[in-house]
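What follows is one structure encoded as C-alpha cells, with my remarks underneath.
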Amino acid sequence: MTGNQIRMYKLNHILIVDDDQINNLFSQIILEDASVSRLVSMCQSVSEALEFLQALEGSQETAFPDLILLDISMPSLDGFDFLDRYYSLGYNKRHKTFISMFTSSEEQEHLSRANKYDVVVGFVKKPLSLPALFNILEMQGI
C-alpha cells in the first residue's frame, strides 16, 4: 500500500472488552480514526460483555460484533473465562466473529491456552496501534 492509497476496511461492529477505561478510550479513538467499523462498543467486564452479546442476539437494530478486542487480565472473570462462556453459549457456531486478545506481556501460557479457541486470531499488545489493527484485519482477509 503506497502513501496515497488509502485502504478502507468496513466492519459492522467492533466490541472492546477491557476493564481499563483509559485503554478503552484510546482504542475507541484509534478505531474511529481508522474508520474500520460502523460501530464501536465497549464493555468493562466479562459479565457485561456476555449480557451485551445476549441482548444483541435478539436485536434487529445492532449487528453482532465482527471483531472483539478482548483483554486477558481482568478482575473476577478474565478473557479466558469469557472465551469459555462464549463457546458454551454457542456464539462461535452462530456468528462469524473473530477475537484478538489484548495483552501487556508475551506469556507462553496465554499463547498455548488461546490456541484451543479457533475464533482467537492473535494478540495485540496494549495500547492498540494502527499497524496492529490493520495487521489483525489483513490476517482475516478484511
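The values are calculated or read from the model by the stated rules, or taken from the named source; none is laboratory data. Remember, predicted model here, so these are calculated numbers, not experimental data. Positions of Cβ are backbone-derived with ideal geometry, glycine not excepted, and every protein chain shown enters the neighbour counts.
Would you check if there is a residue in the range 2-15 being in contact with a strand residue (DSSP E or B) (Cβ under 7 Å, 6 or more places away or on another chain), hydroxyl-bearing (Ser, Thr, Tyr) and either assigned to a strand (DSSP E or B) or touching a residue at least 60 places away in the same chain (Cβ under 8 Å) (or both)? No; the residues of the range 2-15 include none that is in contact with a strand residue (DSSP E or B) (Cβ under 7 Å, 6 or more places away or on another chain), hydroxyl-bearing (Ser, Thr, Tyr) and either assigned to a strand (DSSP E or B) or touching a residue at least 60 places away in the same chain (Cβ under 8 Å) (or both). Among the residues making up the range 99-124, those that are at pLDDT below 90, exposed (fewer than 14 other Cβ atoms within 10 Å of the Cβ) and not polar (S, T, N, Q) are 106, 107, 109.
Residues of the range 21-64 that are at pLDDT below 95 and either among the charged types (D, E, K, R) or in contact with a Gly (Cβ under 8 Å, 6 or more places away or on another chain) (or both): 32, 33, 38, 57, 61. Just one of the listed residues (123, 134, 102) is out of contact with any Pro (no Cβ under 6 Å at 6 or more places or on another chain), in a strand (DSSP E or B), over 23 Å from residue 56 (Cβ atoms) and not hydroxyl-bearing (Ser, Thr, Tyr), namely 123.
Please go through the range 78-89 and pick out each residue that is over 18 Å from residue 21 (Cβ atoms) and not in a helix (DSSP H, G or I). If the condition is that a residue be over 18 Å from residue 21 (Cβ atoms) and not in a helix (DSSP H, G or I), then 89 is the only one that fits. Looking at the structure I just gave you, is residue 75 part of a loop (DSSP other than H, G, I, E, B), closer than 20 Å to residue 139 by Cα and not acidic (Asp, Glu)? Considered against the rule, which asks whether it is part of a loop (DSSP other than H, G, I, E, B), closer than 20 Å to residue 139 by Cα and not acidic (Asp, Glu), residue 75 comes out as no. Of all residues assigned to the range 63-75, at least one qualifies as being within 22 Å of residue 11 (Cβ to Cβ) and surrounded by fewer than 18 Cβ atoms within 10 Å (Cβ to Cβ).
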